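Remarks on the structure that follows.
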Amino acid sequence: MIKTKRYFYYSVFVLALMIVPQLGFASVESSLMGIQTKLTRVILPTLSIIGIAWAAFSMMSGNERAKTHMWYAILGSIIGFGAQAIVDFISQTVR
């Protein structure tokens with residue numbers, strides 16, 4: 001058991017040594033821009049498509065709250081596909 005913990009700590013140490021040089025050259029702004037890009041161009045549109053599919057399945061199965069699900073999916077799609085425009089508008093307003 002003690003050897004297992006020691007190997008775990010060694011592997012974490014080696015992993016940290018491999019990651020630290022990469023983090024040393026990364027700025028906070030570029031990291032946040034990468035997160036923003038991934039969020040607004042990949043994750044939000046994917047979630048809105050999943051929401052529409054779920055609402056359509058809910059409607060086909062005869063759920064009594066299907067209309068509410070559809071409105072939520074439409075609102076989510078507007079936010080998901082318009083996220084980049086919303087972020088650009090807010091950033092221009094702040095500057």
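The values are calculated or read from the model by the stated rules, or taken from the named source; none is laboratory data. As the structure is a prediction and not an experimental result, all values here were calculated from the model. In this analysis, Cβ positions are derived from the backbone assuming ideal geometry, glycine residues included, and neighbour counts consider all displayed protein chains.
Under the condition of being within 23 Å of the chain's Cα centre (by Cα), surrounded by fewer than 15 Cβ atoms within 10 Å (Cβ to Cβ) and farther than 30 Å from residue 33 by Cβ, the residues counted in segment 67-95 number 1. The single condition among (1) out of contact with any His (no Cβ under 8 Å at 6 or more places or on another chain); (2) on the phi < 0 side of the Ramachandran plot; (3) free of Cβ contacts under 8 Å to residues at least 12 places away in the same chain that residue 62 does not meet is (2). Looking across 29, 64, one residue alone is among the acidic types (Asp, Glu), loosely packed, with under 10 Cβ neighbours inside 10 Å and at pLDDT 85 or above. It is 64.
Filtering segment 38-61 down to residues that are of a type in the set (S, T, N, Q) and surrounded by 12 or more Cβ atoms within 10 Å (Cβ to Cβ), which residue is modelled with the highest pLDDT? By that ranking, first place goes to 58.
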